[in-house]
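The values are calculated or read from the model by the stated rules, or taken from the named source; none is laboratory data. None of these values were measured; they are calculated from a predicted model. For neighbour counting, all protein chains shown are included, and Cβ atoms are generated from backbone atoms with ideal geometry for every residue, glycine included. These accessible areas exclude ligands, DNA and RNA; they are computed on the full protein's heavy atoms, side chains included. Shrake-Rupley method; radii C 1.70, N 1.55, O 1.52, S 1.80 Å.
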Amino acid sequence: MKSSLIRAAIALLTLASFLPAATLAESGTTTIRTGGVLSTTARLDVQVVIPEMIYLQVGADPATAQGTSSTIEKIDFAVPAAALGTGTAVAAAAASGNRGNGTVTARARGNVGSLNLSASTAGPLINATTGAGSINWSEIKVTAASVGGGATLPHPLLSNGTTSVSLLPSALGIVTSDAEWTYSYANSNLIAAGRYGDTQTGTGGNNGRITYTLATP
């Protein structure tokens, strides 16, 4: 009987040697009063991991803060015949942009320090009607208006290519910039009749699309 118990004890000890050590919470016991008070302590360490994040919004608000949206806004200009090439700026159509009248919501967020915001086009706007003539992107002007009193998100000057602006962070490396961007057509030159750029929403045809990119330097 005794030998059986000894063999069982040895087997349990052998099994325990292969098991990982249990992680025990800190605990304390005291039986001595200090200043009339009986007390003991136990500690707990906490860690919070924050991921790197950058966020860019141009146009319609997503369903949730810093969420995603597949909506691509369209800015539409119809130049009055009497004003062609006069240099009088032309406002966008009332239905243009999620804010209307050629205005869109723009937001940039990041927690990784300085960021670059770029605007890229594939070349001048092409005449989709006749193929004659083109419109340089420098004819599309954008003004940035402050939203909510925070840092105003600047808009890069548009060109037949890529331009960018730098976004400086706070002392903690945070970028939080918002704006309402309003687009207008400079109307500097008399050009051939036709429809230039994207003639159907969602295609970006005829070089009629701006691609915005937010990235670390």
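Considering (1) more than 24 Å from the chain's Cα centre (by Cα); (2) open to solvent by 30 Å² or more (accessible area, probe 1.4 Å); (3) aliphatic (A, V, I, L, M), say which one residue 92 fails and leave the rest.
Failing condition for residue 92: (2).
So which of 73, 52 ends up being in contact (Cβ under 8 Å) with a residue 12 or more places away in the chain, part of a loop (DSSP other than H, G, I, E, B) and open to solvent by 100 Å² or more (accessible area, probe 1.4 Å)? Even if it seems obvious, please write down each step before you answer.
Numbers: 73 fails: open to solvent by 100 Å² or more (accessible area, probe 1.4 Å).
Going through 73, 52 in turn, the sole match is 52.
Working only within the stretch 102-140, note down all residues that are closer than 13 Å to residue 184 by Cα and either in contact with a helix residue (DSSP H, G or I) (Cβ under 6 Å, 6 or more places away or on another chain) or surrounded by fewer than 15 Cβ atoms within 10 Å (Cβ to Cβ) (or both). Step through it out loud before you land on a result.
Initially, the stretch 102-140 is screened for residues closer than 13 Å to residue 184 by Cα, giving 102-104, 137-140.
If the condition is that a residue be closer than 13 Å to residue 184 by Cα and either in contact with a helix residue (DSSP H, G or I) (Cβ under 6 Å, 6 or more places away or on another chain) or surrounded by fewer than 15 Cβ atoms within 10 Å (Cβ to Cβ) (or both), then 138 is the only one that fits.
Taking only the stretch 137-157 into account, find how many residues are assigned to a strand (DSSP E or B) and within 15 Å of residue 75 (Cα to Cα). Steps first, please.
Looking only at the stretch 137-157, we keep the residues that are assigned to a strand (DSSP E or B), and these are 140-145, 151-152.
Filter once more, keeping what is within 15 Å of residue 75 (Cα to Cα): 140-143.
Counting residues in the stretch 137-157 that are assigned to a strand (DSSP E or B) and within 15 Å of residue 75 (Cα to Cα) gives 4.
Across the stretch 141-161, which residue is least open to solvent (accessible area, probe 1.4 Å) among those that are of a type in the set (S, T, N, Q) and more than 25 Å from residue 86 (Cβ to Cβ)? Break it down into steps so the answer makes sense when it comes.
Start the filter on the stretch 141-161 by keeping residues that are of a type in the set (S, T, N, Q), which leaves 143, 146, 152, 159-160.
This time we only want the ones that are more than 25 Å from residue 86 (Cβ to Cβ), so: 146, 152.
Details: 146: 73, 152: 57 Å².
So the residue we want is 152.
Return the pairs, sorted by first residue and then second, in which the second residue is open to solvent by less than 70 Å² (accessible area, probe 1.4 Å) and assigned to a strand (DSSP E or B), the first residue lies in the stretch 89-100 and is free of Cβ contacts under 8 Å to residues at least 12 places away in the same chain, the beta carbons are less than 9 Å apart, and the residues are 6+ apart or on different chains.
From residues that are free of Cβ contacts under 8 Å to residues at least 12 places away in the same chain, the pairs are 94/100.
Which of the residues belonging to the stretch 55-70 are open to solvent by 80 Å² or more (accessible area, probe 1.4 Å) and either of a type in the set (Val, Ile, Thr) or not in a loop (DSSP other than H, G, I, E, B) (or both)?
Residues satisfying the conditions are 64, 68.
Does residue 115 count as under 19 Å from the mean Cα position of the chain (by Cα) and among the aliphatic types (A, V, I, L, M)?
Working: under 19 Å from the mean Cα position of the chain (by Cα): yes; among the aliphatic types (A, V, I, L, M): yes.
So residue 115 passes the test.
Among the residues of the stretch 193-217 satisfying the criterion of being touching a strand residue (DSSP E or B) at 6+ places or on another chain (Cβ under 6 Å) and among the hydrophobic types (A, V, I, L, M, F, W, C), which is least open to solvent (accessible area, probe 1.4 Å)?
214
Among the listed residues 188, 170, 164, identify the single one that is open to solvent by 40 Å² or more (accessible area, probe 1.4 Å), touching a helix residue (DSSP H, G or I) at 6+ places or on another chain (Cβ under 8 Å) and not acidic (Asp, Glu).
Working: 170 fails: touching a helix residue (DSSP H, G or I) at 6+ places or on another chain (Cβ under 8 Å); 164 fails: touching a helix residue (DSSP H, G or I) at 6+ places or on another chain (Cβ under 8 Å).
Exactly one of 188, 170, 164 is open to solvent by 40 Å² or more (accessible area, probe 1.4 Å), touching a helix residue (DSSP H, G or I) at 6+ places or on another chain (Cβ under 8 Å) and not acidic (Asp, Glu), namely 188.
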